[in-house]
Every structure is written in C-alpha cells, then in structure tokens.
1. Applying the selection to region A:80-108, what residues are within 11 Å of chain B (Cβ to nearest Cβ), part of a loop (DSSP other than H, G, I, E, B) and under 20 Å from the mean Cα position of the chain (by Cα)?
2. Could you look through region B:267-290, keep only residues that are of a type in the set (D, E, K, R) and surrounded by 11 or more Cβ atoms within 10 Å (Cβ to Cβ), and pick out the one that is nearest to B:VAL252 (Cα to Cα)?
3. For residues in region A:109-125 being surrounded by 15 or more Cβ atoms within 10 Å (Cβ to Cβ) and assigned to a loop (DSSP other than H, G, I, E, B), which is farthest from the other protein chains (Cβ to nearest Cβ)?
4. Tell me, which strands (runs of 3 or more DSSP E) lie completely within region A:9-65 with 2 or more residues that are farther than 26 Å from A:LEU196 by Cβ?
5. I'd like the residue in region A:126-156 that is of a type outside the set (Asp, Glu) and within 8 Å of chain B (Cβ to nearest Cβ) and, out of all such residues, is farthest from B:MET206 (Cα to Cα).
6. Does region A:195-208 contain any residue that is of a type outside the set (S, T, N, Q), touching a helix residue (DSSP H, G or I) at 6+ places or on another chain (Cβ under 8 Å) and assigned to a loop (DSSP other than H, G, I, E, B)?
7. Count, please, the residues in region B:78-95 that happen to be farther than 12 Å from B:ALA40 by Cα, more than 12 Å from the chain's Cα centre (by Cα) and surrounded by 22 or more Cβ atoms within 10 Å (Cβ to Cβ).
8. Can you say whether B:ASP202 is away from chain A (no Cβ under 14 Å), at pLDDT 95 or above and over 13 Å from B:HIS63 (Cα atoms), as far as the supplied structure shows?
Amino acid sequence: MTPHRPEAGGLTPLLEAQGLNLRFGAIPALIDVAIDITAGEVVAIVGESGSGKTTLLRVLSGMMAPDAGTVQWLGQDVLAMGEAARRRLMRTEWGFVHQNPRDGLRLAVSAGGNVGERLMAVGARHYGSIREQALSWLAKVEIDASRIDDLPRTFSGGMQQRLQIARTLVTHPKLVFMDEPTGGLDVSVQARLLDLIRSLSRELGLSVLIVTHDIAAARLLADRILVMRRGRVVEQGLTDRVLDDPQHPYTQLLVSSVLAA
Amino acid sequence: MNSATTMDSPRASGTIDSPRASGAIDSPRASGAIDGYNFAYLDEATKRMIRRALLKAVAIPGHQIPFGAREMPLPYGWGTGGIQVTASILGPTDTLKVIDQGADDTTNAISIRRFFTRVAGVATTEHTADATVVQTRHRIPERTLREDQIIVYQVPQPEPLFRLEPRRTETKRLHALADYGLMHVRLYEDIARLGHIAKAYDYPVMVNGRYLMSPSPIPAFDNPKMHRMPALQLFGAGREKRIYAIPPYTDVRSLDFEDHPFRPIRAPHVCALCGSGDTYLDEVITDDAGGRLFVCSDTDFCAERQADTAKEAAE
C-alpha cells in the first residue's frame, strides 16, 4: 500500500484516502478504495467507462460524499470540512481540470479574466499585476498574448483546454485533479497537451491525479498507475511495472488492447 | 368612530369598551385621510411582517431578507417595494418626501406622495431638510441627510450578482461564503475592454466589509454618500420580494482595483439654473437643433440654491 516511488520515498502523503465505499442504489461505484499521493507525484487512474474513475475523483476532491471511508488532506479530514473551507482549498491548494473545458471556463469572460478569476477570488486587487500574471500564464500554455482579451468561445478545443490549465495553475496549487483532460481532442493536440502537462508538473513540482482511459497518456505522464474495474482497484504500482508486467487479467486485457501506431 | 362601533355591537357588555378604545391606537388615522383604508394602506399584519424583515435587515447590514410582498395599487417597477417599506415605517406625525430621478415633480413622485396623503393623511414636503422619511428612486438627495431621517430606496433588482450568476441558489451560497471574486472579474473585464470601469449606475458596494450589495440604480456619483451616512437606509424590492438595509454610520465601499480606484462620474458642466459645479446633472434637450442644457437632477437642492442667490442679489 505504501507508494514505491524512488525519489519520493518516505514522504508523508499530501492526500490520503482509505476504505472508500459508495453505492448508487444497487450499483457499487467504489468498493474499499484506498489511494495516496505524495508531493510532486503524478498518479493515473485508468479503467473502462463506468469503472468508478470519475466518481473516485469527485469523492477525493470533496465534491461528493462517500458512504464510508476517509479522505485526508495534509492530515485534515476533507469530508468533515465546512463548505467554505473546502471552497478555499479548491481555489488555492487544489485545482480541477474538467474533461470539457466549457465546464471549467467562463465562456462570457475574456481569456485574461478567466485566468485572473482565481487570483481575484483569493484577494488580488491590483489590475496591473493580475494582468501581468495572466499574460505570463498564457505564454506558459502557449497561447498568444494578443488573444488575452478574446472570449474563450473563439478558441479551438485544444486552446480552451490549455486556457483551463492556465486558469487552474495560476494560484500555484499543490494538487491538481484532471478528469480526462485530453478527451475529445485530436491526436496531435493531445500529444502537445500531454507534453505541456508533463513539463508544467515537473517544473512546478505539482502533484497530479489524472483520470484517463488512454494507456499511452498514462505511460507518458504518470509515476504510478491505479487500474480500476467495477469500483475496485484491481492493480496498482509503478507505471512501467504495471504496463510492462501486468498481473491482473483485466490489466493484461487493457494493455494488450492498446493500438500500436 | 369608536362610539359607533361599540354602539351597534350586541356583544358589548360594558366592560369591552375600554379595550376597544385602546385597540384603536393600532390604526391611527391622521386627519385628511380617506375612509375605508387602514392607516397607510397596508393592513397591520402585513406591516408587522415587513417590520420584522426590516429589523433583520438592519441587524445584518447589506444582507437580503425575503418578505411577502403584497400587491400594491401600482405596477411592478414603479416602486412597489419602496412604497411597502414606507407604508410600514410611516407614523401620523411623519413628513414624507418622494423623489424620482432626483425630482419632486415627476409623475411617479407626485403619485406616490398623493397616495400617502390620501391613505395616511401624513404631511408631505418637497424640502429634504423638512422630511423625516424620503422615498427615492435613482438618486440620493444632495443635502446631507440627518440622524432623524430615513431614506427608502426603490429597488428593481436586489441581487448584485444577478447578471453574472443567474441561479438564485448559487448567489445565496456565494453571499454566504463571501465569495465575490466574480464581481471583480466583471470589473476586470470592463478595464480590459474599455480602459476603465464602465458601470455608471447600480455600482456594486461592499457593506460593513461583509456583504456585496446593489445600491439600487443610483448613479455611481451617489455611492460615496452612502458611506457612514447618519440616516437609516432601507431598500425595498417588491417584485423580487427582498428587503435590505444599511444602519446609520456603516461602512459602504465601492468595489475597485488598487490601480483603478473608484471614481464618481458626473457630467463636466455646471448647472445652468443654479451654477452648482459639484452636483449630479441631468442633460436636457431643449430643441431639435442640438440645443442642450445641464441642470441639477435634485430639484429641491437647485431651487434652494437659486433662492439663496436671489436673496443675496437683493441684499
């Protein structure tokens, strides 16, 4: 159960969850799930549709309460937190990148306003410095500075997703939840986005919890992989170990069904 | 009136006389009011309900309190909220002033003033200094209000986040958590697009450092007058069924950025009638050839200044 990560060994986990159980009526969505993430670690959750990946993400980020189990953030119980504290956490130390950028962006607000919103929400009141940070973040996610006052709905899908990442990272969160950030994008755009997420997470020492059904993306980004099936974590371990030497029959099926380019 | 009611009551056994008489204090009727209506139009139960909402509102400055707004004999948007608040706080000895866009002589102002003359028989005035209750739409009088005065605002939309977040449930949550980043995003957008904050009226304010509040559609020019005002400020929104308030001497700050501070906007002219250079002006078109005139929007203030000037000239 302990994370076997060479460079992060022995660190106390940032986020730690144990014994998570959740049922939607007769359907078990999570069965006795445990997960932890240490600082700077990228963990991927893979599995087929309906295996409980997104539900797990929502439970871990406090958006949904489990039937049983605990989620701790730096020793603090996330589920017992008040809504105000959780929201503060969500806009300072956490970030959430939605699968659909339209869920994470304000489409009627310019790109600069989108990036600046989190800053203003935590109390930034200097227009010049908000603008400056928005510009520097747009540069980091490779959006041209001249587009700062354009509305996100005039952006392409890939640009919207990059804007969403800039908007999430502007307050320097410690942990970012990503729900299939490359879903619905074409392959070349996916590759650039994955590259961007990888370089940003390395550069900033971000911890990332990424949900994906794309094994290739998981191999590229993740230090560790959790394989989920029907609400259970069926296998977990270092990315290379899981993907090169899958133990569970389901993981073997998953790995063997990746198309070779 | 009391003798008439007790006379034809078969249940009256003599002892009931005195409670009846004291019961009449509940609905005082000043001379001049028409018969058939309770004092100030609303029934006493409704007034009590509104007063309860007002007490809550004063206790939590800037927080919107729901209340059961009644049908009033004027259309929504003409001041049904303000008129209900006024009716609930009015006493027989009060003197009422009603202004619409700063003027005492506009249709709405005259109608509401006449309404209260008829149903409450209270004295009315056009002079800000003589009034105890001022009901207003779109302006705060230029003359500084005193501790013994109450100003009642007519509010069309009490929710400052209305244009940014359409869900009432969500705005309630944002207020509860004091999560007002959204409003600053709007101001940011204005500066990014236009170079300055373009809101000229209904400019959002922070009350007592806690609640974001819509000051009703008064010009941004009037916002500084709300800050630590000695008079009690009450806000009634009839259609939206909300009441809110600012107690006397409460901090009211207009939202802004450090490098783009709030500035009250007024037309850069002097009043053509009284020559005032620091009041809020209305632009009046005088002919079809582009002729225009800038005059004080506060008619009472302008008339007083003109009278003063005339008196000085005579002396």
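1. Residue satisfying the conditions is A:ARG106 alone.
2. For region B:267-290, the residue satisfying everything is B:ASP282.
3. So the residue we want is A:ALA124.
4. Output list reads A:15-24, A:27-37.
5. Looking at the filtered set, the residue picked out is A:ILE148.
6. Checked region A:195-208: at least one residue is of a type outside the set (S, T, N, Q), touching a helix residue (DSSP H, G or I) at 6+ places or on another chain (Cβ under 8 Å) and assigned to a loop (DSSP other than H, G, I, E, B).
7. Of the residues in region B:78-95, 0 are farther than 12 Å from B:ALA40 by Cα, more than 12 Å from the chain's Cα centre (by Cα) and surrounded by 22 or more Cβ atoms within 10 Å (Cβ to Cβ).
8. No, not satisfied.
The values are calculated or read from the model by the stated rules, or taken from the named source; none is laboratory data. Source: prediction; values computed, not measured. Neighbour counts run over all protein chains shown; Cβ positions are idealised from the backbone, glycine included.
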